[in-house]
């Protein structure tokens, strides 16, 4: 039965009100974020379990790595602000400003990805792989690459979404709601980084 | 965008942004302190939770959503935290054989 068939006497059928009085797409994004929180929680708990249960867990990070991850943190947190400003402009109907802030966020995301890959490259250069490393338990490489890898995968996903939605919004294909949903996901990536930074990097600084 | 949102500037959000930059810096300070591992973990997790809350409430704008929706998100988040708590307890059990093993 089509939507038109449901209309009676020229009136559209009564629709059930949106749960929590927010748009359905936004609710779907929040549900996805909550589900994704479980994914990250599982990864971080598994990491915490390994870190806690392994006596010879390596602490390989030196001040150069700390500076690198702090630069990455600065870029990601700054991109949260620019994404917020983009969403705000989109909701106000200021399409040029919303596009500008969205593409600035996109640029920051690309820089973050490149720095993250460079960080991985230096770790691989030191002999760390999924199955071995020169310092201690072999589990370190698997845990490090899994947790940071899933974060990196999300950033790459966010960058891809920003490209598609940003270009679509500029051409009029997507609405401000789509920018807002994209922004929610981007902010979530930043929130997760707040936990990845201390647990994976700062707790493993060489003493 | 409602009228209140239009009128409010970005000042509040700049403060949130600065706080979210200061929190990782504080975590680095904690990381270089000569304190026990559990104290360090507690300190860093506390700071991380504050940073995450700022991000969720202001940049994800949960603070301006309907109370029912905030409750919905909070309940599910607490469920996640309870799951984490269960996982940590189990990891300690496997490490030191307590509190369940005799």
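The values are calculated or read from the model by the stated rules, or taken from the named source; none is laboratory data. Because the structure is a prediction, the values reported are computed rather than measured. Quick reminder, even Gly has a Cβ in these numbers, built from the backbone with ideal geometry, and neighbours come from all protein chains shown.
Suppose the filter is free of Cβ contacts under 8 Å to residues at least 24 places away in the same chain and assigned to a helix (DSSP H, G or I); does residue A:111 pass it? No; evaluated as a whole, the condition is false for this residue. Among the numbered conditions (1) more than 8 Å from chain A (Cβ to nearest Cβ); (2) within 30 Å of residue A:87 (Cβ to Cβ); (3) at pLDDT below 95, the only one that residue B:46 does not meet is (3).
Report whether or not residue A:189 is buried (at least 21 other Cβ atoms within 10 Å of the Cβ) and more than 16 Å from residue A:103 (Cβ to Cβ). Considered against the rule, which asks whether it is buried (at least 21 other Cβ atoms within 10 Å of the Cβ) and more than 16 Å from residue A:103 (Cβ to Cβ), residue A:189 comes out as yes. Of note, residue A:76 satisfies the criterion of being closer than 26 Å to residue B:48 by Cβ, within 14 Å of chain B (Cβ to nearest Cβ) and buried (at least 17 other Cβ atoms within 10 Å of the Cβ).
Pairs are defined by a Cβ separation below 8 Å, a sequence spacing of at least 6 or placement on different chains, a first member in region A:124-150 that is on the phi > 0 side of the Ramachandran plot, and a second member that is surrounded by fewer than 15 Cβ atoms within 10 Å (Cβ to Cβ); the pairs so defined are A:127/A:134. Selection of region A:41-68 for residues being modelled with pLDDT of 90 or more and at the interface with chain B (Cβ under 9 Å from one of its Cβ atoms) yields only A:66. When residue B:3 is tested against (1) at pLDDT below 90; (2) over 19 Å from residue A:90 (Cβ atoms), exactly one condition is not met: (2). Determine if region A:161-171 includes at least one residue that is within 14 Å of chain B (Cβ to nearest Cβ) and either more than 21 Å from residue B:52 (Cα to Cα) or in contact (Cβ under 8 Å) with a residue 40 or more places away in the chain (or both). No, every residue in region A:161-171 fails to be within 14 Å of chain B (Cβ to nearest Cβ) and either more than 21 Å from residue B:52 (Cα to Cα) or in contact (Cβ under 8 Å) with a residue 40 or more places away in the chain (or both). Inside region A:21-30, residues that are more than 9 Å from chain B (Cβ to nearest Cβ), modelled with pLDDT under 90 and closer than 12 Å to residue B:69 by Cβ make up a count of 1.
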